[in-house]
Amino acid sequence: MKKFEKIFENSAIVAMTLFMPFVALAASDVTGTITQLKTILNAVIGLLFVLVTLYFVWGVVGYVGASGDSEKLKQGKDHMIWGIIGMAVMAGAWGLVNILLNTFGVGNANIPSGPRF
């Protein structure tokens, strides 16, 4: 579990570092900024969804390959459970972001962002 936490921590730092210029160069108006933020959040949540799915599959492989070892069975089962919980959290976060964006009327990605100087 410590390895996964370290990988998750490092990938979050890398993702924030890669996407920070997009936030800094966002349009000066609120709609453009929110649309840019939506794009960034969709990419980050999609990446996290892939990582959680890989974690789940890692648990399935560990469970199937346990060969009757009760400790490996427990570890594989724990990985699968936490993977499913992670998938539910990611789906909820993605849905919450879309609900908030649609509530504030910026759910359409084709909103003109105005002039850029």
So for R0 = 22 Å, FRET eff. of Thr53-Leu73 from the Cβ-Cβ r, to 0.05, ends up at 0.55
HN-Hα couplings for the range 45-60 via Karplus (6.51, -1.76, 1.60; θ = phi - 60°), in whole Hz with x for Gly/Pro, come out as 5, x, 5, 5, 4, 5, 5, 5, 5, 5, 5, 4, 5, 4, x, 5
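A short reminder: the numbers here are calculations on the coordinates, not readings from a lab. Here the structure is a predicted model, which means the values were calculated and not measured. Quick reminder, even Gly has a Cβ in these numbers, built from the backbone with ideal geometry, and neighbours come from all protein chains shown.
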